[in-house]
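Chemist: Mind looking over this structure? Questions follow.
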Amino acid sequence: MSKEIYFDNNATTKTSPEVLQEMLPYFSEYYGNPSSAHSFGGGVAKKIAVAKEKIAFLLGADSIEEIIVTSCGSESDNTAINSAILSFPEKKHIVTTKVEHPAVLNYCKYLSGTGYRITFLDVDSLGRIDLKELEKSLTDETAIASVMWANNETGTVFPIEKISEIVKSKGVLFHTDAVQAAGKINIDLKKSHIDMLSISGHKLHSPKGIGVLYLKKNTPFKPFLIGGHQENGLRAGTENAASIIGLGKAAELAKKHIEYENSEVKRLRDKLETALKNNIRLVKINGDIDNRLPNTLNISFKNVEGEAVLLYMNEKKICASTGSACATGSLEPSHVLMAMSVPYEYAHGSIRFSLSRYNTEEEVDEVVKIMPEIIEKLRAMSPFKD
Amino acid sequence: MWEYSDKVKEHFLNPHNAGKLDDANVVVEVGSAACGDALKLYLKIEDEKIIDVKFQTFGCGSAIASSSVLTDLIKGKKLEEVKKITNQDVVNMLGGLPPAKIHCSVMAQEAVEKALKVYYKEDLGENLQPGEIIICHCFKVSNFKIEKAIKDHNLKTVEDVINHTKAGGACGKCKPDILEIINKIYKTQGERKMTNLEKIEKVKSVINDEIRPGLQNDGGDIELVDFADNVVSVKLKGSCSGCPMATMTIKSFVEETLKSRIDKNIQVKEVR
């Protein structure tokens, strides 16, 4: 097989050709500034509004007033937390989990150095938080609670509606990082008590460099970027018009394919999982198998090291990720697997496969064929047995 | 992850001497699964010579490649030659390693050292010596091991120590202790007067390892011409030579670097 097999869609996704097509005229042809008085710019503003309608529709938001476009998921996450602490300066406590994306985790760690008390909720071996612990942690001092909708490494889906209800009942603002959930599972914000929610364009087949912060109507808000009046004064900076228009198209396509994600993509993921489990000894599936994103498989191969596995996979043009120490930049394995108390001999050998609607049955079959050879070769080289 | 040299990739994908050696008379293991890398070395030693060697490694690409070149380096060699092999030889054979992966080559050297101790029935030093304490609890690294690494490899920063020994690389709580060890070592070293010969060696290594790469990035180069009475004579080459900024370059960059690394009395002189 000459082309890559791309099973790393939780890292980033291919920009859909339809999305790119939609964007192209907004570079050299319709390049007006949406804020301009002339209709050359105004036309772009109208197109952006249509795109926002599609994004609002994907999320089940009430109106486009609730959609703030940002530059990425990290900006959305930072903005949400920053807004809460600026809106309630007297509240010096934040609740989050140990398994958040660094965009939330590291911002909270930074704030803990500036006088904030942070509760990092523990997770169990499946990566789930204890809802009673959550409830107990919330106080009058809590400025915001931020819990991800789905975990990027394991795909574990949190019961976000129940969580938002608990947080709401305590009168605390609630934010969720839905970067991995959007486009993969159904999101209906009308039904929820979610005050803020982050998504990222490049995880759902639109380009990198575009994100969204959903802000429920009447939620207190303070901007992160201050300057012009763009995004109703909630986020300054000239609109990334082409990318917003692209994200609109991507949102429309995501909505259309959500059923496919949960049937066909899930079937391919399950096939991959079953075959790897059947053909390779000493494996462990990480995450909450019954409450998991349909595209994600985090699997550990005992006694081999993840980066070594990835290097061999790379030779076969298979793209995936690992939570091993060698890949985290630190010398410890992934913070998510460590929080789940995955034993070291498994944590170092974890590989994340994340599929998309662009993957095929042939690709799954190819990976199923190649993986046992790779693991066998590395295990033969490993001093550890069983 | 993809900063590996072609040599590393070559040894990783097709490692030499991988597997078990059934008639080995020395077998040692260093590292552990918890640490993320471990190396088991099988040696057949006869008449003070390594007749055959095999390895088994659990670890990333550079750990496997380091083990592979290590076996190439020691196979067929007399033990007295093997004793001289350092992790730097492993790094060189691999055409370099990314800084964060240097500890993989250190693991290879440790395996050889341990194997020789086992062969000569020496104390393995696995029990803590008097005065030895564990500094990094994540990777179980002692103050003695850190001190040895600093002295052997001229490590200057906590980052260097992490890259060589892994100490401080996980939770990071022991970083202040590591810094204290570094400061202590350079303070005591500073008190002892370097011999002229040591100084020349040091000047050479600082110029080659720290100064030249910086100049070469800008298309220039420098050559050490002479060293006497703390005066370092250098010749500037490439785009540095004849550059009006050259004097400043020498004064501010070369001299400051040499002063801070070796002796605050060093002067730099440009010769043409």
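What follows is calculated from the coordinates using simple rules that are stated; it is not laboratory data. The structure presented is a predicted model; accordingly, all values stated were derived computationally and were not measured. We place every Cβ from the backbone using ideal geometry, glycine too, and count neighbours over all the protein chains shown.
Chemist: What percent of all Cα-Cα pairs in region A:1-159 falls in each 5 Å bin, counting up from 0?
Modeler: 2, 7, 12, 14, 15, 14, 12, 10, 8, 5, 2, 0
Chemist: For region A:320-379, with only Lys/Arg (+1) and Asp/Glu (-1) charged at the beta-carbon, what is the dipole magnitude about the Cα centre, in debye rounded to 20? Mind dumping the intermediate values first?
Modeler: On the way: 5 positive and 9 negative charges, 48 e Å.
The calculation lands at about 220 debye.
Chemist: Would you kindly calculate the translational diffusion coefficient of region B:25-128, applying Stokes-Einstein with the Kirkwood radius from alpha carbon pairs, for 4 °C and a viscosity of 1.567 mPa s, and quote it in µm² s⁻¹ without decimals?
Modeler: 95 µm²/s
Chemist: For chain A, what is the Kirkwood estimate of the hydrodynamic radius, computed as the reciprocal of the mean inverse distance between distinct Cα atoms, to one decimal in Å?
Modeler: Its Kirkwood hydrodynamic radius stands at 21.7 Å.
Chemist: Counting Lys and Arg as +1 and Asp and Glu as -1, what is the net charge of the other residues whose Cβ lies under 10 Å from the Cβ of B:MET107? Could the numbers behind the result be given before it?
Modeler: Values: positive: B:LYS166; negative: B:ASP37, B:GLU110.
Neighbourhood net charge equals -1.
Chemist: Please report Rg over Rh for region A:95-139, where both radii come from the alpha carbon positions and Rh follows the Kirkwood definition. Provide the component values of the computation, followed by the final result.
Modeler: Values: Rg = 11.0 Å, Rh = 11.1 Å.
Rg/Rh for region A:95-139 comes to 0.99.
Chemist: Let me ask another. Find the percent of Cα-Cα distances in region B:1-61 that exceed 16 Å, and round it to a whole number.
Modeler: Values: 992 of 1830 pairs.
The proportion of pairs with Cα distances above 16 Å equals 54 percent.
Chemist: What's the long-distance tail for region B:78-202, i.e. % of Cα pairs beyond 18 Å? Write out the running numbers ahead of the final one.
Modeler: Working: 4604 of 7750 pairs.
Considering region B:78-202, 59 percent of its Cα-Cα pairs are separated by more than 18 Å.
Chemist: Identify the chymotrypsin sites (Phe, Trp or Tyr not before Pro) of region A:21-89 meeting these criteria: DSSP loop state and at most 13 other C-beta atoms within 10 Å of the C-beta.
Modeler: Details: sites: A:TYR26, A:PHE27, A:TYR30, A:TYR31, A:PHE40, A:PHE57; in loops: A:TYR30, A:TYR31.
Hits after loop and neighbour filter: A:TYR31.
Chemist: I'd like the mean, over residues of A:318-324, of how many other protein chain beta carbons sit within 10 Å of each residue's own Cβ.
Modeler: Details: counts 0, 0, 0, 0, 2, 0, 3.
That works out to 1 on average.
Chemist: Sticking with this structure for a sec: Could you size up the charge dipole of region A:1-49 around its Cα centre, putting +1 on the beta carbon of Lys and Arg and -1 on that of Asp and Glu, and report it in debye to the nearest 20? Each step should come with its number before you reach the end.
Modeler: Values: 4 positive and 5 negative charges, 28 e Å.
Once rounded to the nearest 20, the dipole reads 140 debye.
Chemist: Would you mind ranking B:MET194, B:MET107 so that the residue whose beta carbon has the fewest other beta carbons within 10 Å leads the list?
Modeler: Numbers: B:MET194 14, B:MET107 25.
Fewest-to-most Cβ neighbours within 10 Å comes out as B:MET194, B:MET107.
Chemist: Follow-up. Given A:SER146, A:SER169, A:PHE120, which one lies farthest toward the positive end of the charge dipole of chain A, if we put +1 on the Cβ of every Lys and Arg and -1 on the Cβ of every Asp and Glu?
Modeler: Value computed over the given set: A:SER169.
Chemist: Just name one of B:LEU73, B:ILE50, B:ASN154: the one whose Cα is farthest towards the positive end of the charge dipole of region B:46-178 (beta-carbon charges, Lys/Arg +1, Asp/Glu -1).
Modeler: It is B:ASN154, whose Cα lies furthest towards the positive end.
Chemist: Still on this structure: Over chain B, with a single point scatterer placed on each C-alpha, what log10 of the ratio I(q)/I(0) does the Debye formula yield at q = 0.08, 0.15 1/Å?
Modeler: -0.42, -1.16
Chemist: Inside 10 Å of the C-beta atoms of B:263-272, what's the mean count of C-beta atoms belonging to other chains? Can you show the working numbers first?
Modeler: Numbers: counts 0, 0, 0, 0, 0, 0, 0, 0, 0, 0.
Mean partner shielding for this stretch: 0.
Chemist: Need one word for region A:1-58: rounded, prolate or oblate. Basis is the Cα gyration tensor (sqrt eigenvalues a ≥ b ≥ c); a/c below 1.5 gives rounded, then a/b vs b/c decides.
Modeler: prolate
Chemist: Go through region B:116-165 and name the GluC sites (Glu not before Pro) that are in a DSSP coil and have 11 or fewer other Cβ atoms within 10 Å of their Cβ. Don't skip to the end; give the middle numbers.
Modeler: On the way: sites: B:GLU122, B:GLU126, B:GLU132, B:GLU147, B:GLU159; in loops: B:GLU122, B:GLU126, B:GLU132.
Sparse-neighbourhood loop GluC sites (Glu not before Pro): B:GLU122, B:GLU126.
Chemist: What is the mean projected area of the alpha carbon convex hull for region B:74-146, to one decimal in square nanometres?
Modeler: Computing the convex hull of the Cα atoms and averaging its projections yields 6.0 nm².
Chemist: Can you pull out the trypsin sites (Lys or Arg not before Pro) in region B:83-138 that DSSP calls coil and that have at most 13 other Cβ atoms within 10 Å?
Modeler: Details: sites: B:LYS83, B:LYS84, B:LYS101, B:LYS114, B:LYS117, B:LYS121; in loops: B:LYS83, B:LYS84, B:LYS121.
Those satisfying the criteria are B:LYS83, B:LYS84, B:LYS121.
Chemist: Let me ask another. By how many nm would the segment from A:GLU133 to A:LEU20 lengthen if fully extended, with 0.36 nm per residue of separation less the alpha-carbon distance? It would help to have the intermediate numbers written out before the result.
Modeler: Numbers: separation 113, 0.36 × 113 = 40.68 nm, distance 4.48 nm.
Taking 0.36 nm per residue and subtracting the Cα distance, the gain is 36.2 nm.
Chemist: Dipole size in debye (nearest 20) for the protein assembly as shown around its Cα centre, Lys and Arg Cβ +1, Asp and Glu Cβ -1?
Modeler: On the way: 86 positive and 90 negative charges, 113 e Å.
The dipole magnitude comes to about 540 debye.
Chemist: Another one. With 23 Å as the limit, write out which pairs from B:LYS156/B:LYS202; B:LYS40/B:LYS151; B:LYS44/B:LYS148; B:LYS84/B:LYS117; B:LYS9/B:LYS175 have Cα-Cα distances beyond it, or answer none.
Modeler: Numbers: B:LYS156/B:LYS202 14 Å; B:LYS40/B:LYS151 26 Å; B:LYS44/B:LYS148 29 Å; B:LYS84/B:LYS117 14 Å; B:LYS9/B:LYS175 32 Å.
Correct reply: B:LYS40/B:LYS151; B:LYS44/B:LYS148; B:LYS9/B:LYS175.
Chemist: I need the peptides A:12-25, B:62-75, A:91-104 ranked by packing, meaning the mean over residues of other C-beta atoms within 10 angstrom, with the highest value on top. Please report the intermediate quantities before stating the final value.
Modeler: Values: A:12-25: 16.9, B:62-75: 25.9, A:91-104: 21.6.
Taking the mean over residues of other Cβ atoms within 10 Å, the ranking is B:62-75, A:91-104, A:12-25.
Chemist: Looking at region A:265-386, I'd like the Rg to Rh ratio, where Rg is from alpha-carbon atoms and Rh is Kirkwood's inverse mean 1/r.
Modeler: Numbers: Rg = 13.5 Å, Rh = 14.4 Å.
Answer for region A:265-386: 0.94.
Chemist: Another question, if that's okay. Regarding the protein assembly as shown, what is the average projected area of its C-alpha convex hull, in nm²?
Modeler: Seen from a random direction, the Cα hull of the protein assembly as shown projects 35.9 nm² on average.
Chemist: What is the Å³ per residue value for the convex hull set by the Cα atoms of region A:62-142? It would help to have the intermediate numbers written out before the result.
Modeler: Details: hull volume 10.7 nm³, N = 81.
Dividing the Cα hull volume of region A:62-142 by its residue count gives 132 Å³.
Chemist: Rg and Dmax of region A:85-200, using alpha carbons, in Å: what are they?
Modeler: Considering region A:85-200 through its Cα atoms, Rg and Dmax are 13.3, 38 Å.
Chemist: Quick one: A:GLU141, A:GLU29, fewest Cβ neighbours within 10 Å first, how do they rank?
Modeler: A:GLU29, A:GLU141
Chemist: Partner chain Cβ atoms within 10 Å, averaged over the residues of A:376-383 - can you pull that number for me? Show your work: numbers first, answer last.
Modeler: Numbers: counts 0, 3, 4, 2, 4, 11, 8, 16.
That works out to 6 on average.
Chemist: Then there is this: First obtain the Kirkwood hydrodynamic radius of region A:165-237 from its Cα pairs, then insert it into the Stokes-Einstein equation at 20 °C and 1.002 mPa s, and state the resulting D in µm² per second as a whole number.
Modeler: Working: Rh = 13.7 Å.
Result for D is 156 µm²/s.
Chemist: When each pair of different Cα atoms in region A:185-310 is counted once in the 1/r mean, what is the Kirkwood radius in angstroms, to one decimal?
Modeler: After inverting the pairwise mean of 1/r, the radius is 18.1 Å.
Chemist: As an exercise, find the ratio Rg/Rh for region A:163-207 from alpha-carbon atoms, using the Kirkwood inverse-distance average for Rh. Present the calculation step by step, with values, prior to reporting the outcome.
Modeler: Details: Rg = 11.9 Å, Rh = 11.4 Å.
Here Rg/Rh amounts to 1.04.
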